[in-house]
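Working notes, beginning with the structure itself.
The values are calculated or read from the model by the stated rules, or taken from the named source; none is laboratory data. Since we're looking at a predicted model, the values are computed, not measured. Here the Cβ positions follow ideal geometry from the backbone for every residue, glycine too, while neighbour counts run over all protein chains shown. In case anyone asks, the SASA skips ligands and DNA or RNA and just uses the protein heavy atoms, side chains included. Shrake-Rupley method; radii C 1.70, N 1.55, O 1.52, S 1.80 Å.
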Amino acid sequence: VCAHHVRSCSSIRFVKSKYVCVFDKSAFKFSHQQRLFRTSAVSCGQIVQFKLSDIGEGITEVTVKEWYIKEGDSVSQFDSICEVQSDKASVTITSRYDGIIRKLHYNLDEIAYVGKPLVDIEIDASKGVAPEEDVVETPAMSHEEHTHQEIKGHKTLATPAVRRLAMENNIKLSEVVGTGKDNRILKEDILNYLAKQTGAILPPSPKAEIIPPLPKSETVPTAPKDKARKIPVPVSRPIVFSGKDKTEPITGFHKAMVKTMNAALKIPHFGYCDEIDLTQLVQLREEMKPLAQIRGIKLSFMPFFIKAASLGLLQYPILNASLDESCQNVTYKASHNIGVAMDTEQGLIVPNVKNVQVCSVFEIASELNRLQALGSAGQLGTNDLTGGTFTLSNIGTIGGTYAKPVIVPPEVAIGALGKIQILPRFNGKGEVFKAQIMNVSWSADHRIIDGATMARFSNLWKSYLENPASMLLDLK
């Protein structure tokens, strides 16, 4: 039945011929004497410009990284519209209205500005939505805010990032137990579920290439495990020579690095270097790795370095402080939010492990696994990337021994860790033995930290790592 206006009493008295199609008279039996039929031909939607709201942290522009909808799609409240990336983190923008997408104002990798239209949505005019009042204040929901997803008749609370992580790993959210508020499924829940199923904590990267094992007849004999003779394999990348200069805008995390380093170089740095004998720690880690694997945790040396630093900061709190812009006040931070510099495809990022002073080594390792997984997927939230009070940079995973790290404002100290090398050293009896040596390079803000304080902190940190059992005396 297709009709524009049909007015009826006991029988049909008027039908506008322009909109008449074939219909069944029995469909127009009414208990009332008069009724008006309205179809989509007469419904007039209202176009609302969905503007990008203030994301916070002083962000004024973002890069559109992915659209979850296209023109003509229907959306409901809390449906994901797109993912944008600022110079601090990735944020998922969700819809505030029920309607139809009529226009996308940006293409992928274009810059979107706060307060400017992001998409046009056609909404039902009968709902009486005030576009000027509602759209300007449209909230940009981050990964930490929840959305609803209907699964098997019940609502499961999960963010778009969590749903995507589950989809990439073929995990049904209905099978995951949420530990967040109102049983919300967190990223940690997905990672823990994945660890129990596969024994691995890191989700597979979409760009990773899986190389099948060689047949037994073609198996290459393994070389002896000698870290000192391990030859690094260069990364093979296609070389394209066009003969022309290329200019690209600085965006995303690279833009954040420009701002941070400009501010950092206003700080008068001084450096301090030393070497650490990690022979006992190497043995301890080898003993603990199987226990960590049972818990679904990949145990590296970094959790020990972070915990030892936290124990040292308890004795030297000036290294876990910040200085105001006027250099009149020093704020001693109660929490040890220790940042870890990570090299990712998006650039250098420094997420931090929160409240290390109350965390065990296993808890720190678990949090590092989570941050590494999200960092490699480009899904770190603002909360993961802000609030740091002290930083360690493990440059040794790539190579090198000494470095000159740059302080991350508003922090006042940073450490760079070199690679672990097998080198000859002398014991107390003058005998030569094989030692696992790592070099550390510290940088500190010389306005409030002197060299003696940095040296004493480094010596304490060194003693914890050279004698790991000594950390038991100060653990809480």
**OP:** Using amide H atoms built 1.01 Å from N in the peptide plane, name the residues 5+ places from Leu380, or on other chains, whose amide H lies under 5 Å from its own.
**Re:** Ser90
Subject >> FRET efficiency for Asn355 and Leu472, using Cβ-Cβ distance with R0 set to 25 Å, rounded to 0.05 >> reply: 0.80
Original post:
Using the alpha carbon gyration tensor of the stretch 46-123, what are the three equivalent-ellipsoid semi-axes (square root of 5 times each eigenvalue), largest first, in whole Å?
Top reply: 20, 12, 11
Original post:
Rank Val240, Val258, Val350 by accessible area, highest first, at a 1.4 Å probe radius?
Top reply: Val240, Val258, Val350
Original post:
Heavy-atom accessible area of Asp54 with all protein chains present, probe 1.4 Å, nearest 10 Å²?
Top reply: 110
**OP:** Could you grab the Rg to Rh ratio for the stretch 269-473? Cα atoms only, Kirkwood for Rh.
**Re:** 0.96
Original post:
Just the Cα atoms of the stretch 397-443, one point each, no solvent: what log10 I(q)/I(0) does Debye give at q = 0.13, 0.15, 0.25, 0.31 Å⁻¹?
Top reply: -0.43, -0.53, -0.86, -1.04
Original post:
So which of Lys255/Lys298; Lys307/Lys429; Lys116/Lys333; Lys244/Lys419; Lys65/Lys259; Lys404/Lys462 end up more than 28 Å apart by C-alpha?
Top reply: Lys255/Lys298; Lys307/Lys429; Lys116/Lys333; Lys244/Lys419
Original post:
To the nearest 0.05, what FRET efficiency results for Asn107 and Leu348 with a Förster distance of 35 Å applied to their C-beta separation?
Top reply: 0.85
**OP:** With all protein chains present, calculate the accessible area of Tyr332 using a 1.4 Å probe and round the result to the nearest 10 Å².
**Re:** 130
Subject >> Computed lengthening from Phe241 to Ser326, 0.36 nm per intervening residue step minus Cα-Cα distance >> reply: 25.6 nm
